[in-house]
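Visitor: Before anything else, here's the structure in question.
Just so it is clear, none of the values below were taken in a lab; they were calculated from the coordinates. Here the structure is a predicted model, which is why all the values come from computation and not from measurement. Here the Cβ positions follow ideal geometry from the backbone for every residue, glycine too, while neighbour counts run over all protein chains shown.
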Amino acid sequence: MPILVNDRPVFVPDDARVSLLDLLRDRLELFGTKKGCNQGACGACTVLLDGERVLSCLTLAAQCEGRAVVTVEGLAADGALHPLQQAFIDHDGFQCGYCTPGQICSAIGMAAEAARGMPSVVTADLEATDILLDRDELRERMSGNLCRCGAHNGIIDAIGEVFRGPESAGGAPR
Amino acid sequence: MSLLDTVRDAAGRLTGHPEPGAVPDPLIGKPGAIGRSLPRIDGPRKVRGAARFAAEVPADGLLYAAVAYSAIARGRIAFLDTTAAERAPGVVLVMDHRNAPRLKPPALFMTKPQAAGASDLPIMQDDSIHWNGEAVAVVLAHTQEQAEHAAALVRATYEEAPATLDFEAAKRRSRHPDSVMGEKPVLEQGDAERALADAPVSVDLIFRTPRHSHAAIEPHAVTAWWEDGALVLHDATQVLNGVRWTLADMFGIAEDRVRVLSPFVGGGFGGKGSLWSHQVLAAAAAKLAGRPVRLNLSREGVFRLAGGRTPTEQRVALGAREDGTLLSLIHTGCVAMTPHNNCPEQFTFPARHLYRADAIRLEQSVADMDMLANTFMRAPGESVGTFALECALDELAEKLSLDPIELRRRLEPERDPTSGHEFSSRHLLRCFEMGAERFGWHRRAPTPGTRREGEWQIGLGVATATYPYQRMPGGAARIVLNRDGRAVVSMASHEMGMGTATAQSQAAADRLGLPVEDVTFEYGDTSLPAGTIAGGSSQTASIAAAVAAAAAVLATELLKLAGNDSPLAGLGVDEVEMRDGGIGAREQPDRHERYDSILRRAGRDELVADAKAPPPRELKRWSMHSFGAQFCEVRVSAVTGEVRVSRFLGAFDCGRILNPRTAASQFRGGIIMGLGLALTEETQFDPRSGRIMNPSLAEYHVPVHMDVPPIEVVWTEQPDPRAPLGARGIGEIGITGVGAAVANAVYNATGRRIRDLPITPDKLL
Ligand code: FES
Ligand code: FES
C-alpha cells in the first residue's frame with residue numbers, strides 16, 4: 001500500500017533504513033521539511049502523520065504504509081496560506097526560517113492534542129476536557145521545537161492568536 | 001583622478017561629503033520606508049517551506065557524502081582501510097588523503113583581503129591528524145543511507161603523538177597573540193596594579209566561561225559540482241566572496257571560475273562565517289567523482305568540523321574611590337586557540353570603551369591547544385567579556401553601597417577612554433533610564449536574598465551591553481534602473497534571518513526616492529557585485545555605503561541622460577537629490593523629472609550604475625559603538641537550585657532602526673542566546689582525548705520555548721551622524737551583557753555569586 005503524502009500516493013522505498021524525513025527530502029524533493037539533527041532532538045522535521053505530529057527523522061518510511069502524511073507544503077490549498085502560516089508572518093515568528101515548517105506542523109498537531117484533552121506537565125487539572133492554551137501551556141507543549149534564532153516570543157504569539165484568539169496572544173513585538 | 005576617486009567623490013556629494021562620516025547621511029531624519037515595521041519579504045516562502053537552503057538544490061546524478069572522523073587528537077594515520085567501505089552497496093568512491101586532489105592550504109582569515117580560512121591547516125593532503133574529529137575519509141554513494149553505512153566501515157589505526165588537550169596545562173605556556181583583531185594584546189595607561197593596591201575600595205575576581213557552539217538549526221551543508229573546470233558551490237555561508245576567493249586559491253583556478261550561492265542560511269551566528277573543511281571536501285570529492293556532491297553534515301559532524309567559541313578565564317580587578325570613580329581598571333585573561341588560527345576572543349574590548357578610569361591595564365593571552373580551530377560566535381569577545389566586567393562592576397557597586405546603575409552613571413566617560421576619540425553617538429545612560437523605568441528597577445531589593453514566594457527566591461539584575469560599529473571594506477553594489485522606473489539593487493550579501501532583503505529594500509527605496517514596492521534587492525550569489533562578510537554586525541552599514549555610492553553614480557548618469565530638454569538641465573550632481581521616483585533640484589521642489597521619463601526620452605531600457613563603497617575611514621576618526629542596558633528578573637528555586645528567567649528587557653542605543661519588527665526579533669534572538677550562555681550552554685571537551693563529548697542538540701542545551709519569557713525590547717532611536725543611514729548594526733549586541741544581568745539577578749535573589757558559566761543548579765546548591 002502506498003503512503004499518502006499531501007494527498008499524493010507514494011511508494012514505500014525498497015531500502016528499509018529510509019526515514020520518512022529522507023523519503024520526503026531526498027526522494028520526493030519535498031524540502032519544506034527540515035533536517036536539523038536527524039536524531040529527534042530539534043523538531044525541525046516535524047510532520048503530521050494521520051493528523052498527529054511526529055518527528056519524521058525518527059519515523060521509518062516503511063511505518064507509514066497506508067497512512068496519510070501532511071507536510072508544510074500540504075497545509076494550505078494552492079497559493080493560499082494556512083492561518084498559522086500567516087500568523088507567523090504577522091508576529092515575525094521566525095528569522096532564518098529553518099525551524100519554521102517544524103514549528104508550524106508541530107503547533108497544528110499540538111492544538112489537536114489539547115483539543116482531545118491531552119494534558120501537559122503544566123496542566124493544573126488533569127481531568128479537564130477543556131484545556132486553555134495559555135502562554136505556559138504553549139511554551140511547554142512547543143518545547144520540543146528548537147529555534148536558535150530566538151523567535152520564541154513571536155512563535156508563541158502566533159500560535160496563541162490562531163488557537164486561542166488574538167486578545168490573549170500578548171507580548172507582541174512593538 | 002582615478003575612476004574610484006570620481007565615484008568616491010560623487011558618493012560623497014550625495015551622501016553629504018567625500019570623507020565617510022564627516023557629514024551625516026542626508027537620509028537621516030527623512031521620512032520614508034526606513035523605520036516602518038514591514039513584514040519580511042521572504043516570509044511567505046519561509047512559512048511555506050519554499051525557501052531553498054544549500055542542501056536542497058537538486059542536481060542530476062547527485063551523490064551523497066558522509067564523513068569518517070579521526071579518533072585521536074594528534075599524530076598520523078598509520079593504516080587506513082577503505083576496502084569494506086568501497087565494496088558497500090551504492091558506494092561510488094571513497095576519498096582520503098591518498099587520492100584527494102592536491103590543494104593549497106586555505107589562506108587564514110585576515111591574512112589576505114578575501115581570505116576566509118578558519119584555519120590554515122592543509123585539508124586531507126597527508127596522513128597527519130591535528131584534532132580529534134578531523135575528517136579522514138569522505139564516502140560518496142547514491143543515497144545518504146548508503147554513504148553513512150559505508151563511512152562506518154572505514155577503519156583507521158593511528159600513531160599518536162603527544163597532544164595539548166588540557167586548558168589548565170596549556171594556560172601555563174600561554175602567549176600573546178600578534179594582534180587581537182587588529183588591536184594590541186596589551187594596553188596600559190598608568191600603573192593600574194599599583195592604583196589597585198592603593199585604592200580604598202576594590203574587587204579582584206576571576207571569571208570562567210566555557211566553550212560554546214553556535215548550534216544553528218540548519219547544519220552546515222553544501223551541494224557542489226564542476227562544469228568545464230569551474231566550480232559551482234551552493235553553500236550555507238556568511239562570507240560568499242571569501243569562500244569563493246579562498247577556494248579558487250586552494251584549487252589553483254581563477255576567482256571567476258568559482259561561483260558560490262547562498263540565498264538562505266538557516267542560522268549562522270558566526271559559525272558559517274569561515275571556510276571550513278567540509279566545503280573544501282565536498283568540492284574536492286565532486287572533482288574526483290566528476291559528479292555533483294551533497295555534503296550535509298550530520299549534527300555530530302557540525303561539532304567535529306566547524307568550531308565554536310573558545311573557553312575563557314578572565315580576571316577583572318577594579319579599584320575605586322569612595323564615590324565609585326575608578327582609580328584602576330584591570331581586565332586580563334587567557335583563551336584557548338590553535339597555532340593555525342587567529343581568533344583570540346576579544347574579551348577586553350568592552351573595557352576599552354565603556355568606563356572612565358585613571359589607570360587601565362588590559363591583556364589578552366592565548367593558550368595553544370590541539371583542537372578544532374575556535375571561531376567567532378555572536379559577539380566574540382563582548383559576549384563573554386561583558387560577563388566578567390559587568391559582574392565585577394555589580395560586586396563593586398555592592399561594596400560601595402551604590403545602586404549598580406548609579407555606579408555606571410559615575411563612570412560615564414566624555415571621550416573614548418583608550419583611543420581618546422570622540423564618540424560618534426553614545427546614549428548608554430539613556431538606555432539605563434528607559435529600561436529602569438519600564439522594567440520597574442526600583443522594585444529591586446538592595447539586600448540580596450530577601451524577596452521570596454514559596455520556594456522561589458526572586459532577584460533583579462542589570463548589566464551594560466556594548467558592541468562596536470563596524471563597516472567592512474571591499475563591498476560593491478549595482479543599481480539597475482528600468483524603463484518603468486523600478487530599481488533592482490544587487491550585492492553578494494547574506495540572509496541568515498536578519499531580514500536583509502527587507503531592510504535593504506527599505507533603505508534603497510529611500511536612497512533612490514522610490515516606493516519600497518518598486519525596489520528589489522538581490523543577494524546571495526557571487527555573480528553579483530562583491531559583498532562583505534555578514535559578521536561583526538557590519539552588513540547593514542557595508543551594504544548601505546555601497547548602495548549610496550552606486551546611487552551617486554546613477555544620479556550622475558541620469559543627469560547626463562536628461563540633457564537640455566529636462567527641467568534638470570544645468571544642474572550639477574551636488575545640486576540634486578533623488579526623490580519622488582526621480583531626480584529633483586535640492587532647493588526647488590518644482591524642478592524634478594521622473595526616472596521613467598528620463599529613460600524613455602533617452603530611448604533607454606535600463607540604466608546601470610556600479611560602485612564600490614568608500615573605505616571605512618569613519619572608524620579611524622570616531623569611537624563608534626552601540627550600547628544597551630539589559631534587565632533581568634530571575635526566580636531561583638531554594639529546593640533545586642533551578643534558575644528560571646521570568647522577565648527580561650533590553651534597552652538599546654544602536655543608531656537608527658531600519659525595521660522595528662525585524663530589529664526587535666534580532667535583539668530578542670541575541671538576548672535568548674545570552675540566556676543559554678548564562679544558564680545552560682557548554683560544549684564539553686574531554687581533556688584526555690580532546691574529543692567533544694556532547695555533539696548533539698540533546699546534550700548541548702540551547703534555550704527552548706519554556707526557557708524564554710516574554711522579552712521586551714526598546715531603543716533610543718538616536719541616529720549615528722557618522723554611520724550610513726545613521727544605523728550602527730544590531731546583530732550581536734543583544735547577547736552582550738545578558739550573562740552578567742542573569743548572574744547579577746541570581747545574586748540578588750540568592751546572595752550567591754556564580755563566576756563560572758553556565759549557572760547550573762549544582763553551583764547554587
Ligand atoms: S531532525 Fe528530526 S528532531 Fe531534529
Ligand atoms: S527561525 Fe532560525 S532557527 Fe528558528
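Visitor: Can you tell me the FRET efficiency between residue B:111 and residue B:445 if r is taken as the Cβ-Cβ distance and R0 is 60 Å, rounded to the nearest 0.05?
Guide: Numbers: r = 53 Å, r/R0 = 0.88.
The value I calculate is 0.70.
Visitor: Can I ask one more? When every alpha-carbon pair in segment A:83-168 is counted, what percent end up more than 16 Å apart?
Guide: On the way: 1726 of 3655 pairs.
Here the tail beyond 16 Å accounts for 47 percent of pairs.
Visitor: With contacts defined as alpha carbon pairs under 8 Å and 6 or more residues apart, what's the relative contact order of segment A:102-146 in percent?
Guide: Numbers: 29 pairs, mean separation 20.9, N = 45.
Here the relative contact order equals 46 percent.
Visitor: Another question, if that's okay. Of A:81, A:138, A:24, which has the largest mean-square fluctuation in a 10 Å C-alpha GNM of chain A?
Guide: A:81
Visitor: Sort A:106, B:262, B:401 by Cβ crowding within 10 Å, fewest neighbours at the top.
Guide: Fewest-to-most Cβ neighbours within 10 Å comes out as B:401, A:106, B:262.
Visitor: Which of B:109, B:79 has the fewest other C-beta atoms within 10 Å, and how do the rest follow up to the most?
Guide: Least crowded to most crowded, the residues run B:79, B:109.
Visitor: Where both residues lie in chain B, what percent of DSSP beta bridges are antiparallel, nearest 5? All intermediate terms of the calculation are to be shown ahead of the outcome.
Guide: On the way: 101 of 131 bridges.
Among the beta bridges of chain B, antiparallel pairing accounts for roughly 75 percent.
Visitor: Compute the Cα gyration tensor for segment B:556-616, then decide on rounded, prolate or oblate, letting a ≥ b ≥ c be the square roots of its eigenvalues: rounded whenever a/c is under 1.5, prolate when a/b is larger than b/c in the other cases, and oblate in all that remain.
Guide: Working: a/c = 1.91, a/b = 1.19, b/c = 1.61.
Here segment B:556-616 falls in the oblate category.
Visitor: Still on this model: Give, as ranges by residue number, the residues of segment B:312-336 whose backbone N falls under 20 Å from the point 7 Å along Cα→Cβ of residue B:179.
Guide: B:335
Visitor: Starting from a Cα-only point model with no solvent, please compute log10 I(q)/I(0) by Debye for the protein assembly as shown at q = 0.06, 0.09 1/Å.
Guide: Debye output, listed in q order: -0.42, -0.97.
Visitor: Right, next: Can you pull the one-decimal nm distance between simple spin-label points at residue A:11 and residue B:23, each 7 Å off the Cα toward Cβ?
Guide: Label at residue A:11, label at residue B:23, 7.2 nm between them.
Visitor: In addition: Relative contact order for chain A using alpha-carbon pairs under 8 Å, separation at least 6, rounded to a whole percent? Each step should come with its number before you reach the end.
Guide: Working: 308 pairs, mean separation 38.7, N = 174.
After rounding, I find 22 percent.
Visitor: Given the options A:32, A:150, A:102, which has the most mean-square fluctuation in a GNM of chain A, springs set between C-alpha atoms less than 10 angstrom apart?
Guide: The residue that fluctuates most here is A:150.
Visitor: Considering amide H positions built from the backbone, and no H for Pro or chain starts, which residues 5 or more places from residue B:685, or on another chain, come under 5 Å of its amide H?
Guide: Result for residue B:685 returns B:693.
Visitor: In whole Å, how far is the Cα centre of segment B:384-409 from that of segment B:583-632?
Guide: So the two Cα centres are separated by 42 Å.
Visitor: Related question: At 7 Å along Cα-to-Cβ for each site, give me the label-to-label distance between residue B:161 and residue B:606 in nm.
Guide: Those two pseudo-labels are separated by 5.4 nm.
Visitor: P(r) tail for segment A:3-74, what percent of Cα pairs lie past 21 Å?
Guide: Numbers: 261 of 2556 pairs.
It works out to 10 percent of all Cα pairs.
Visitor: Considering only C-alpha atoms, what is the centroid distance from segment B:665-715 to segment B:295-336, in Å?
Guide: One Cα centre to the other: 15 Å.
Visitor: Can you figure out the FRET efficiency of residue B:50 with residue B:409, using R₀ = 51 Å and their beta-carbon distance, to the nearest 0.05? Can you show the working numbers first?
Guide: Numbers: r = 51 Å, r/R0 = 0.99.
Computed FRET efficiency for residue B:50 and residue B:409 comes out at 0.50.
Visitor: May I pose another question? Using DSSP, restrict attention to beta bridges with both residues in segment A:3-74 and report what percent are antiparallel, rounded to the nearest 5. Don't jump to the answer; show the numbers that get you there.
Guide: Numbers: 10 of 12 bridges.
Once the DSSP bridges in segment A:3-74 are tallied, antiparallel ones form about 85 percent.
Visitor: At what distance in nm do the modelled label points of residue B:188 and residue B:81 sit from each other, each positioned 7 Å from its Cα along Cα→Cβ?
Guide: Each label point lies 7 Å from its Cα, and together they span 6.0 nm.
Visitor: What is the calculated FRET efficiency for residue B:197 to residue B:686, with r their C-beta to C-beta distance and R₀ = 45 Å, to the nearest 0.05?
Guide: With a Förster radius of 45 Å, E is 0.65.
Visitor: Contact order normalised by length for chain B, with contacts defined as Cα pairs under 8 Å and 6 or more residues apart; what percent is it? Provide the component values of the computation, followed by the final result.
Guide: Values: 2045 pairs, mean separation 138.0, N = 765.
Over chain B, the number comes to 18 percent.
Visitor: Right, another one. Can you give me the Cα centroid spacing of segment B:352-368 and segment A:31-50 in angstrom?
Guide: 45 Å
Visitor: Additional query: What is chain B by shape, rounded, prolate or oblate, if you read a ≥ b ≥ c off the alpha carbon gyration tensor as root eigenvalues and call it rounded for a/c under 1.5, prolate for a/b larger than b/c, and oblate otherwise?
Guide: Oblate.
Visitor: For segment B:106-247, report the translational diffusion coefficient in µm²/s to the nearest whole number, using Stokes-Einstein at 25 °C, 0.890 mPa s, and a Kirkwood Rh over Cα pairs. Walk me through the numbers on the way to the answer.
Guide: On the way: Rh = 20.8 Å.
The estimated diffusion coefficient comes to 118 µm²/s.
Visitor: Continuing with this model, one more query. Quick test of the membrane-span-like rule: which DSSP H helices of chain B reach at least 30 Å along their long axis (C-alpha atoms) with mean Kyte hydropathy at least -1.0?
Guide: Qualifying helices: B:539-562.
Visitor: Let me ask something additional. Counting each DSSP H run of 4 or more residues in chain B as -39500 (n - 2.57), what helix-only mean residue ellipticity at 222 nm follows after dividing by all residues, to the nearest 500 deg cm²/dmol? All intermediate terms of the calculation are to be shown ahead of the outcome.
Guide: Details: 20 runs with 203 residues, N = 765.
Roughly -8000 deg cm²/dmol at 222 nm, from the helical runs in chain B.
Visitor: Could you sort out which of B:112/B:287; B:46/B:763; A:34/B:30; B:112/B:612 sit more than 30 Å apart by Cα distance in this structure?
Guide: Over 30 Å Cα-Cα: B:46/B:763; A:34/B:30.
Visitor: With a 10 Å Cβ neighbour count serving as the proxy for reagent exposure, in which order, fewest first, do B:30, B:620, A:34 appear?
Guide: B:620, B:30, A:34
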